[in-house]
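Quick one: the structure is below, and I'll ask about it shortly.
Please treat every number below as a calculation from the coordinates, not as lab data. Keep in mind the model is a prediction, meaning the values are calculated, not measured. Note that we place each Cβ from the backbone using ideal geometry, even for glycine, and neighbour counts take in every protein chain shown.
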Amino acid sequence: MTNIHYTRVGTGKTIILIHGWAMHSGIWQTFAEQLAQHYKVLCIDLPGHGYSEKITPFSLALVSDTILAALAIDEPCCWLGWSLGATVVLDIAKRYPERVESIILVAGNPCFIQQADAGQLTWPGMNASRLANFASQLTENCAATLLRFLLLQVQGLAEAKEVCQQLKTLTSSVPSPDSETLQGGLAILNTADLRDVVAELTKPVLLVLGAKDALVPIALGQAMLQLQPNLRVCYLAGSAHAPFLSQCEETVGAISHFLHSL
């Protein structure tokens, strides 16, 4: 079995945190500590990230299967996914619904790439050519591409410099994933379309969006509500792509309110 690294902190209802592209579980640090005051929090390194063993291929189904095989948890839990992690959480909800009690998507989009029909935007997301450019630059200069990605995550924030430095410090504490794993993650974001999963969900779902997010547009909130009217949306006006860093207390508060209402 593939070795998947995770940390456990706190007691109570279990929340499993799945990080985003090119990151690792250390990104949750302060956020996890605050959640752990009320919940049992598991912070997982995706395969090939942090201290977790690499898998080949880095495909959505294999990522989900590998995580579930490594966790000695049978009861349904709350799954929280950020960015790429949200895609993994939705895949788990689709194929392993018995393992899911509730879902929290933080800056997560079930169809990450924007969709258009006859020139008209039909789904808000990231421009496909922009993501393709990321994949191309990743091959040429991995370090520079990862730095550019960090800068995109804080774009528009008043405290962008401070939050970017925080991201750099947290992500540099362990080696970056290799190119094959990073390209696999981008391929998932480029091709995955789990809107049908959202539409059919019967589990409680909270979507947390940053109003200044340059990767996941705030317009996604209304688009998601059209798919799933029972979805709850929390808009954080002062946040970009990593609200758990820039507005940690507000993000924890929104999650606690959501879980306490279930």
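Scan the chain and hand back the longest stretch that contains none of the GluC sites (Glu not before Pro) lying in DSSP loops with at most 15 other Cβ atoms within 10 Å.
After excluding every exposed loop site, the longest remaining stretch is 54-158.
Scaled to the compact-protein estimate 2.2 N^0.38 Å, what is the alpha-carbon radius of gyration of segment 71-123, rounded to two decimal places?
Cα-based Rg divided by the globular estimate yields 1.40.
For q = 0.07 Å⁻¹, what log10 I(q)/I(0) does segment 6-260 give under the Debye formula with an equal point scatterer on each alpha carbon and no solvent?
-0.20
What three numbers, in Å, describe the spread of the alpha carbons of segment 166-262 along their principal axes, ordered from the longest?
40, 32, 24
Further question: Rounded to the nearest 5, what % of DSSP beta bridges with both residues in segment 1-100 are antiparallel?
The antiparallel proportion sits near 30 percent.
Around Ser102, which amide H atoms from residues at least 5 apart in sequence, or from another chain, sit under 5 Å from its own amide H, with H modelled in the peptide plane?
Counting only residues 5 or more places away or on other chains, the set is Cys77, Cys78, Trp79.
Using a basic spin-label model with each label point 7 Å from the Cα along Cα→Cβ, how many nm lie between Ala135 and Thr169?
3.5 nm
Percent relative contact order of the chain, based on C-alpha pairs within less than 8 angstrom and at least six residues apart?
20 percent
Relative contact order for segment 68-189: what percent, with Cα pairs under 8 Å and sequence separation of 6 or more?
Averaging sequence separation for qualifying contacts and normalising by length gives 18 percent for segment 68-189.
Would you mind ranking Val233, Val216 by Cβ crowding within 10 Å, fewest neighbours first?
Val233, Val216
Another question, if that's okay. What is the order of Asp65, Asp45, fewest Cβ neighbours within 10 Å to most?
Ranked by crowding around the Cβ, least crowded first: Asp65, Asp45.
Taking the DSSP beta bridges in segment 6-260 as the whole, what percent of them are antiparallel, to the nearest 5?
20 percent
Hey, another quick one. Given N residues in segment 40-183, what is its alpha carbon radius of gyration divided by 2.2 N^0.38 Å?
Cα-based Rg divided by the globular estimate yields 1.14.
Add +1 for every Lys or Arg and -1 for every Asp or Glu among the other residues with Cβ under 12 Å from the Cβ of Leu236, and state the total.
Within the 12 Å Cβ shell, the charges total -2.
Report, by chain and number, residues whose modeled amide H sits under 5 Å from the one on Lys54, excluding near sequence neighbours (fewer than 5 apart, same chain).
Here Gly48 satisfy the definition.
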